[in-house]
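Chemist: Can you read through this structure? Questions will come right after.
The values are calculated or read from the model by the stated rules, or taken from the named source; none is laboratory data. Just so we're clear, the structure is a prediction, and the values are computed from it rather than from any experiment. Neighbour counts are summed over all protein chains in view; Cβ atoms, including those assigned to glycine, are modelled from backbone coordinates with ideal geometry. With ligands, DNA and RNA removed, areas are computed over all heavy atoms of the protein, side chains included. Shrake-Rupley method; radii C 1.70, N 1.55, O 1.52, S 1.80 Å.
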Amino acid sequence: MVVSKMNKDAQMRATINQKLIETGERECLKELLRAKLIECGWKDQLKAHCKEVIKEKGLEHVTVDDLVAEITPKGRALVPDSVKKELLQRIRTFFAQHASL
C-alpha cells in the first residue's frame, strides 16, 4: 500500500511537471523565483557563503560537487517563507485554472 501511494505520488508529480512545461508556466515560475531570490538578497548571501567555504577549505581542495553539497542545505534554508508561499500560491492558482489533470 505504501509503495502504491509512492508510485501514485511520483506519477502525479510527473504529470504536474509535464503540464507546467507544456504551458510554459514552469519557466514563468522559475523567472519569478529567480527575481524574488535576487530581490530578497538570497543570491548575495549564498555567494558570500560560497566564498567562506572556499576560504576555509582552500581553493585547491574544493570541487564543484563539494561546494554544491556544502551550500545546498543552507541555500534551501535561506529561502524566505514569503517567497515559498508566493510560489505555492501561484502553483495552486495554475492548477485551479487547469483542473483537468
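Chemist: Quickly run through the stretch 60-101 and pick out the residues that are at pLDDT 90 or above, more than 15 Å from the chain's Cα centre (by Cα), of a type in the set (A, V, I, L, M) and surrounded by fewer than 10 Cβ atoms within 10 Å (Cβ to Cβ).
Modeler: Selection gives V64 alone.
Chemist: K30 versus (1) open to solvent by 60 Å² or more (accessible area, probe 1.4 Å); (2) farther than 26 Å from I71 by Cα: which is the lone unmet condition?
Modeler: K30 satisfies every listed condition except (2).
Chemist: Can you confirm whether the stretch 11-18 contains a residue that is within 15 Å of the chain's Cα centre (by Cα), loosely packed, with under 11 Cβ neighbours inside 10 Å and without any contact (Cβ under 8 Å) to a residue 40 or more places away in the chain? Break it down into steps so the answer makes sense when it comes.
Modeler: Our first condition is that a residue be within 15 Å of the chain's Cα centre (by Cα); within the stretch 11-18, this holds for 13, 17.
Next cut, loosely packed, with under 11 Cβ neighbours inside 10 Å only: 13.
Checking which are without any contact (Cβ under 8 Å) to a residue 40 or more places away in the chain leaves us with 13.
Taking every residue of the stretch 11-18 in turn, at least one turns out to be within 15 Å of the chain's Cα centre (by Cα), loosely packed, with under 11 Cβ neighbours inside 10 Å and without any contact (Cβ under 8 Å) to a residue 40 or more places away in the chain.
Chemist: Could you look through the stretch 43-53, keep only residues that are open to solvent by 50 Å² or more (accessible area, probe 1.4 Å) and in contact with a helix residue (DSSP H, G or I) (Cβ under 9 Å, 6 or more places away or on another chain), and pick out the one that is nearest to Q89 (Cα to Cα)?
Modeler: Of the stretch 43-53, the ones open to solvent by 50 Å² or more (accessible area, probe 1.4 Å) are 43-45, 47, 51-52.
Those left that are additionally in contact with a helix residue (DSSP H, G or I) (Cβ under 9 Å, 6 or more places away or on another chain): 43-45.
On the way: K43: 22, D44: 25, Q45: 25 Å.
Out of the qualifying residues, it is K43.
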